[in-house]
Every structure is written in structure tokens, then in C-alpha cells.
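Here's the structure we're looking at; comments come further down.
Taken together, the values in this text are just the output of simple stated rules run on the coordinates, not laboratory data. For clarity, every value in this text was computed on a predicted model and none was experimentally measured. Quick reminder, even Gly has a Cβ in these numbers, built from the backbone with ideal geometry, and neighbours come from all protein chains shown.
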Amino acid sequence: MAFPDRGYTNLLAHLQRSPTSLPLQTIQVSCSHYLAHVQPSPTPLSASIISSPLFRTFSHPKLVALTTTYRHAVHHKLKVLEDEGTSIFDRSKKARLSDWIGDVLKGLEGGAAMLRLVCSGGLLLGLEDVKSTVDVRIRGKVEDEVVVELAEVLDAYSYGSVSDGWEKEFQPGIGSEPVDPASLALVVSSQFLLLVASEKLNALPLPTLIGLLTSTIASCFQSGSFLADLKVSTIQDTGKLSIPRTSDLSQTIQALTSSSYFTSIAPLSKLGSRCISLVATSRPRQSWTVMQQTLKTLDSVSEKVEQAWVGSALAGVSGDDDILPESREVSTHIWVLHKTLLFSTLMLSQSALTSLVFVRKPPSPPSFMALSILKTLSHLSFVISQFGGITASGEGSFRELKKTVYMALDVISVDRDGSERFVKELCSQFERAHITVNAAGFERPYQAKKSFALACIEQLIPVISEDCMENQVLPLCLPHLSDPSNRETYESAHSVVLAMFSANTQAKKGTTGEAPGRGKDKEVLKSLAERIAPFYAKNLIENSRVGRLTTDQLRLASATLALSASTSSAESVCFYLSKLLDAIGSAAVQEQRHRLLLALTSTLSALPLTILPRILDELRDAIIKAYPDDNSEEREELAEALFTEILERVGDREKEFAKEWWYANRLMLSGGRHGTDDKDAGSKGTSARL
């Protein structure tokens, strides 16, 4: 554009008015266009934009519009340069784009720090979009501008640095929105601060920045009080939940989920996570206090959310069918808030955990911070249960959740005393809660919290004392070992008991790596495993019925129990095997008998050579008796399971005998499907596989 056209003149006129008749989007589009096309320089227009009374009062829509203006202007300018073409005497497109960026930045000089920040951020976003055609030096200059301007904003607005005196008269307004200017700046700038190089972010006052990010994230959830009015949800005569649309709760939830803060929670959390990692590496002494304060804030928010949720009518519903159609949208938004809080908590907590290694001589043990994270996640256990819990596996599992929890448990397990205190605290909370669990809205959160606690306890079994296991952990598990009504708690309780047997096996073999002086604990742990083995053997047989433990779970539990019993005494393992054989013979349901046969097969790798021959014969006879037909699919499955157990899991000492036994009995079991009829050929082929 060689000279100002009428549109450009009108744009300048509207930029000097407040208010203006043009919509904000029209001004945004016009500014982007003319920044790219105006000649000879965009500096005057850039200066007019940033000094316009339209933007003198800050608001989220206006700041976002400025960011978008400068981002789109980069694209428009690149298109203009491409259309102009170049000759051998012209400067390169990259050089001309760099000159244009420099001219735009000159126009921003002298403007309000907030406006310069969002405009420079828009340029940075645009340069990121077309980074293949950008000179890295000009991008570095834009990043420098963003860092300097953010530092000015933090200095001007953070922690009440703007006084109530005469200085306040010279600060730009924030409009009618009840928002903190520093938080508003972070909400907008979180979109582009992640593009700034780490070494440049280090120049910022990171502790202050992290504190502001944390408080901004907390404000997205009203510091945990957004469910304060949940008591208005009531059960109608139809038996369905109703949340009136005119209620304070509905209006609060609608305002939160549609706010600019909430829509920016992902970049805010990601920026906070990155800043925590940076402060831990660059300023380790300050980082500890910063991380503790961040985790304390998250714990406070999560605790308030849990207190409001537990006992509410909404916590007791099992699905949308229990909610009136007009109330389902509000309930869905509530769950969106819950899950978003969990995601944000995980992102910040994981960053704090991975940063622990950079803090030398911390003022408190690292386990204290890990405990704080687990307590926070325990408050959100009713949300975690919606993802299948922390023990869920497969495609539907929440990997980042598992990573954070197990990382925290690893840190805690180094501190034996801290681990035991944590386990006792987890168990004691259910002793206090058992009186109210039958009330409406308590049962589901109670079971979710207990599942989370059991999953944590399972990982700490090797480092806690026998007294804690016997007096706190076992009583917590016992009511759920035969009650599959809550699947997650049921499976977690079995996992904890099996962890005790595994710990006994490791202690017996001397592979736990325990510190000197704990030999007595090993012996006590052994005696505890021996005492509970008969009970659990009967319990496993009871849980072999359809609808209880899955076949794979039953086989794993059977193998773990047999291995623990065999390392303790021959009498213990023989007791379990005899109970298993009796149950196979007396089972009235064929499917249960089949599952018990598979469970018995899984014990073979745990048996010593003195017991193995008799059990193999007993197993062969039981299979033939249960399935007389050689060609039945069930018999084929059992033969395959037996062959696999011998092939892959039986120990070296027992394998030679197991091979010979298989050669002698394979035709009876599988009709020759595993090996040829010729013994020598079968021996050669099977030996190669073995």
C-alpha cells in the first residue's frame, strides 16, 4: 500500500475512539491486514494500536484480540513477501520479514507493559507458525521482548505491588471484570510463554511466577469452593436427581466452565510444570519452598472439593439414568471440573517429584513432599476411580496417574518410618468413617478412597513392620476379600494380601535388600505369612466361583500363595494343595472345577521335587476325570496350560523330571497334540523347545 487508503484512515479514526461502533473482531482483522500491507513502515500503525483508548482498559477478549492481530499479521506479511517475489538484487524474504518484525516492535515501545506483552506474544506465535522461514536471531529478539515485558507486568501487578496511593491513578484499568491483572496476563501469555527458550525464562522471578500460576489455577476452581452449593441437589419422587437450572450451583458451574481462566487451565498447568523444573535446576534452595507451597495449595483445593462431594446426592448416583434430563448438563460440567483438577494436579505434582533430585540438603525429607502429593490424590480418589483406579491396566489406564503415584511411593519407601506412618494414617481414616458409609452419597467415595489406599499400601508392604500389617492392614482387607460388589476394592484387597506372601518369599530368599538388623522382622514376616496362609487358601477356593476373581487373577494368586508356602514349609504348601484337590473333586459346577484345575496347574512351578511328582499325577487324573473326551476344548486348554507351565516356569532342578513326566503322559492328556507319537522325535522336538 503505497499511500493510506480510505479503509486505513477509517481504522486510525476508530482506534482513537472509545467506544467505537466497529465490533472488536472487525478491528482485529483490519489491524492484521494493514500491519502487513502499510508502507513504508508498520511502526506508526503499531504505535497507534498499542496507544488506542480501546485497549486502555484490559479485558480477556481485548488482550486475546491483540495477540491474534499480531499473530495473523505475521502470516499476512509472509504472504505479501511471497507475492512480491525476489530478484537477484533484492534482499531475501527472511531478511525482509526480520526487518518488518523489528519495525513492528519499535511501534510497541512506550506502551503499557501488559499490551506490549500480548502483542509481542502474538508475534512469537506467528513466528512459531512459520518457523521454517524465520531468522532465529529475530525470533530470539521477540523472545527477549516477551521476557522483559512479563517481568514488568509481574513487577507492576504481583502480590499487591500496586499501592492504593497516587501510583494507582497511572495504571491501566481492568474493566468491569473482577479479575486480578497478573492472573489475566498469565492466562493470555500462557499460550506463548511455552515457546520461550528455557535459559531466557530463567531470567524471570520464577518463584513469584510459580506462585501466581498456582493461585491462578486455584482460582479456576474457586479455591475448591465451587461445590459449596451442592446441597441444593435433591432426589425427586421419581428417584432421580434434580439440580435446578436457576440454583446458585448451576450458575456457578456454568460461569466456571465458560470462563477464560478455565479454558486456559491446560497451558497454565504446563507452564507451571515447566517453571517448577526450571527453578529446581537453577535455584534449588528456593525451589523447595516454592514446591511445598504449590502442593499445599493443590491439597487445600482438593480437600475442599472432596468435603463438598462426599455425602452429596450426586455422589451416590451411578449413571445418567439416575439424573433428570434437564440436570445432566450441570452434572457433566461438574465432572469436567473434577477431571480437569486431577489433570492439573498430576502435571504439577509430577514436575515436583522429578525435581527432587536437584535439591541438595532439603530442609525436610523428600518423603514429606511425596506424602503431600499422595494425600492430595487421595482427596481426588473418587475422580481417579472413574479411570479404573491406579492399578488399571490396558488401553484405558491413566498412565500419567500411575507414573505419579508410583514415583511418589518410590520416594516414600526409602523412609521406613515415614512409610509406616503413612500406612497407619491411611488405615485409621476408615476406622473413623465406617459409621457413615451407609448414608446416601458416602458409599461410592468411601470405596474409591479405600481402593486408592489399598493400592498404595500394596507397594509399601516390603518396608512396613509385621505389627502394622497384622493390626492395621489385614483388618482393612478382610471385609473385602469375599465381597466383589465393589470390584476395584475387592481386587485391591487381594493384591495387598498377595503382596504379603511375595514379601515373605523375598525375605526367605534374602533378596529384599533390607538394611542390617532387620533379620528379626524377616522371621516375623514369615510367621505372619504362615498364619494367614490356611485362611487365604480357603478364601481362594471360595473365590474360584464364577463372578469372583478372574481366571488369570485366580491363577496368579494360586501361584503366589504356593510359592510363599513352599518357601516356609512343606506342610504349608501341602495343606493348600490338598484343599485345592478336595475342592476340585467336590465342585458342583463344571466351570468352577475347570478354573480350579488351572489354578492347580499354576502352582507347579512353585513346588519342590519332593512334592511335584504326586501333584502331577493327581492333576493328570483330575483332568481325565473331569473331561473324559480327548477332543474337548476344555481338556485341550488344560493340557496347553500344563505344557506351558513345564516349558516356561518350572525351575531347572525340577525340569528334567517334568520333561520325562510329560513324555510319558502327553498322549493321555492331549492325544499327541503336543509332540509326535514317536518318543524319540517328540523328545527331540520338545527338548529343543525346553
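The alpha-carbon of residue 240 sits under 17 angstrom from the alpha-carbons of these aspartates and glutamates, leaving out residues fewer than 8 places away in its chain: 320, 321, 322, 326, 329. Nearest 10 degrees, 0 to 90: what angle lies between the long axis of helix 93-108 and the longest principal axis of the chain (Cα atoms)? Helix 93-108 sits roughly 70 degrees off the main axis of the chain. The range 322-338 and the range 342-388 have Cα centres lying 28 Å from one another. Relative protection proxy for 239-248, 73-82, 26-35, 377-386, from highest mean packing down: 377-386, 26-35, 73-82, 239-248 (other beta-carbon atoms within 10 angstrom).
Using a cut-off of 13 Å between beta-carbons, work out the net charge of the residues near residue 69 (Lys and Arg +1, Asp and Glu -1, residue 69 not included). Show your work: numbers first, answer last.
Values: positive: 62, 71, 77; negative: none.
Value of the local net charge: +3.
Each Lys and Arg adds +1 at its Cβ and each Asp and Glu adds -1 at its Cβ; summed about the Cα centre, the chain shows a dipole of about 1200 debye.
Listed by chain and number, the lysines whose C-alpha is less than 30 Å from the C-alpha of residue 141, apart from same-chain residues fewer than 8 away, are 62, 77, 79, 93, 94, 106, 131, 200, 270. The mean sequence separation of alpha-carbon pairs under 8 Å and at least six residues apart, normalised by the residue count of the chain, gives a relative contact order of 7 percent. Tilt of helix 416-433 relative to the longest C-alpha principal axis of the chain, in degrees (0 to 90, nearest 10)? That works out to roughly 90 degrees. Farthest toward the positive end of the dipole of the chain, out of 35, 445, 481, is the Cα of 35, where the dipole comes from beta carbon charges about the Cα centre. Peptides 130-137, 592-599, 117-124, ordered by how many other C-beta atoms sit within 10 Å of their residues on average, highest first, read 117-124, 592-599, 130-137.
With a Förster radius of 41 Å applied to the C-beta separation of residue 633 and residue 542, the computed FRET efficiency comes to 0.95.
Provide the FRET efficiency to the nearest 0.05 for the residue 90-residue 128 pair, computing r from the beta carbons and using R0 = 35 Å. Can you show the working numbers first?
Values: r = 26 Å, r/R0 = 0.74.
The calculated FRET efficiency here is 0.85.
The H on the amide N of residue 323, modeled in the peptide plane, is under 5 Å from the matching H of 241, each at least 5 residues off or on a different chain. Straight Cα distances below 20 angstrom link residue 375 to the lysines 296, 304, 339, 402, 403, 424, 449, 450, with same-chain residues fewer than 8 positions distant left out.
Which order do the peptides 555-565, 624-634, 267-277 take when ranked by the mean count of other beta-carbon atoms within 10 Å per residue, highest first? Show your work: numbers first, answer last.
Numbers: 555-565: 24.2, 624-634: 13.5, 267-277: 22.5.
Put in order of decreasing packing, that is 555-565, 267-277, 624-634.
If one takes the longest principal axis of the Cα atoms in the chain, at what angle in degrees, from 0 to 90 and to the nearest 10, does the Cα axis of helix 487-509 lie? Relative to the chain, helix 487-509 is tipped by roughly 70 degrees.
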